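Written below as structure tokens is the structure these notes are about.
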Amino acid sequence: MTDTAATDQTLATLLRIASALERIAPPARKRADLTTADAFIWHPAGAELAPVAKVNRVALSLLRGVDRVRDTLAENTERFARGLPANNVLLWGARGMGKSSLVKSVHADTNMRLAGAGTPGILPLKLVEIHREDIESLPVLMSLLRPDSHRAIVFCDDLSFDGQDTSYKSLKAALDGGVEGRPDNVVFYATSNRRHLLPRDMMDNERSTAINPGEAIEEKVSLSDRFGLWLGFHKCSQDEYLEMIDGYVGHFGLKIAPEALRHEALEWATTRGSRSGRTAWQYIQDLAGRLGTRLEG
């Protein structure tokens, strides 16, 4: 075989190898287009932000019994939207008291008051939901959002860690650690029933097997320390529960006598063994259905 033929054969082999590598290589990551919607769901498999046409939320004025945490979250969110320093937020506590509803409502209210009002230099604030099982992909999501001109709240509902789950380390690094750190245009909001995101038995196991038990527990608790704001939600009183009911009835124009409303609402809560915002909303849906009224507006 001549030198020329050998060279041609080698070149052809290299081209086939290059072509094969291109076919098996992952596709180039597409730049996120945050102008298509105000809310998105993160799909890590394709590194895709799927726009949400209509967010499932209620008006901020309908969330009762959470005035203090509502105001604190709204202030933090507004500072962030204005480009000022803001904290990551952990909303923790009683089930059904409107933790996730508050995040979505504050996001919409902030956009309406600032971007919607044409405030100079304020772009619409984006809400990006990441599912609990995808938390290990949070660094990828952060890097995707970093170069965008919009500011984004990355939101994880019902965040907690169990058993031997180590994905909490990805969350720690993305929120506060690593060389790059958290992007200036991103904050992380999470809801949880646990203040420290980890079950007590998991923390006890770490204590019993560690050479230095104190350091083991400190590492677990330090996850919650990445959140500058801890907003606690507690079970509501009967008066607060009835205030929620009255607010919904007035907002949706439901026609029912006050005495009957009070009796039904309390009976509804008693049969479920719970007074909460979720219980109140479930009663309102039942009442509206019986009255033949659509819950719109």
Restricting to region 222-254, name every residue that is among the hydrophobic types (A, V, I, L, M, F, W, C) and open to solvent by 50 Å² or more (accessible area, probe 1.4 Å). Trp230
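Please go through region 265-279 and pick out each residue that is without any contact (Cβ under 8 Å) to a residue 60 or more places away in the chain and open to solvent by less than 50 Å² (accessible area, probe 1.4 Å). Lay out the reasoning, then the answer.
Let us first name the residues in region 265-279 that are without any contact (Cβ under 8 Å) to a residue 60 or more places away in the chain, namely 265-273, 275.
Passing the criteria: Ala265, Leu266, Trp268, Ala269.
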Looking at Ser170, Ser100, Ser137, can you tell me which residue is closer than 29 Å to Gly273 by Cβ, open to solvent by less than 40 Å² (accessible area, probe 1.4 Å), touching a residue at least 24 places away in the same chain (Cβ under 8 Å) and assigned to a helix (DSSP H, G or I)? Ser100
Among the residues of region 114-131, how many are over 18 Å from Leu34 (Cβ atoms) and at pLDDT 90 or above? 1
Residue by residue through region 226-250, note down the ones that are more than 19 Å from Leu266 (Cα to Cα) and either in a loop (DSSP other than H, G, I, E, B) or among the aliphatic types (A, V, I, L, M) (or both). Arg226, Phe227, Gly228, Leu229, Leu231
Only unsatisfied item for Val106, checking (1) farther than 29 Å from Arg272 by Cβ; (2) outside any loop (DSSP other than H, G, I, E, B); (3) touching a Ser or Thr at 6+ places or on another chain (Cβ under 7 Å), is (1)
Over region 36-66, the set of residues more than 29 Å from Met244 (Cα to Cα), open to solvent by less than 40 Å² (accessible area, probe 1.4 Å) and not in a strand (DSSP E or B) is Ala37, Ala47
Count - residues of region 141-167 that are assigned to a helix (DSSP H, G or I) and within 16 Å of the chain's Cα centre (by Cα): 3
If Arg195 satisfies every condition in (1) assigned to a helix (DSSP H, G or I); (2) at pLDDT below 90; (3) of a type outside the set (S, T, N, Q) but one, which is the exception? (1)
Residue by residue through region 251-264, note down the ones that are closer than 16 Å to Gln285 by Cβ and assigned to a helix (DSSP H, G or I). His251, Phe252, Leu261, Glu264
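Rundown of residues vs (1) β-branched (Val, Ile, Thr); (2) more than 24 Å from Arg182 (Cβ to Cβ); (3) at pLDDT below 90, yes/no style:
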residue: Val58; (1), (2), (3): yes, yes, yes
residue: Leu73; (1), (2), (3): no, no, no
residue: Glu78; (1), (2), (3): no, no, no
residue: Ala86; (1), (2), (3): no, no, no
residue: Leu90; (1), (2), (3): no, no, no
residue: Lys99; (1), (2), (3): no, no, no
residue: Thr110; (1), (2), (3): yes, no, no
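The values are calculated or read from the model by the stated rules, or taken from the named source; none is laboratory data. Everything numeric in this text was worked out from a predicted model, so none of it was measured. Cβ sites come from the backbone with ideal geometry, for glycine too, and all protein chains shown count toward neighbours. All accessible areas refer to the heavy atoms of the entire protein, side chains included, with ligands and DNA or RNA removed. Shrake-Rupley method; radii C 1.70, N 1.55, O 1.52, S 1.80 Å.
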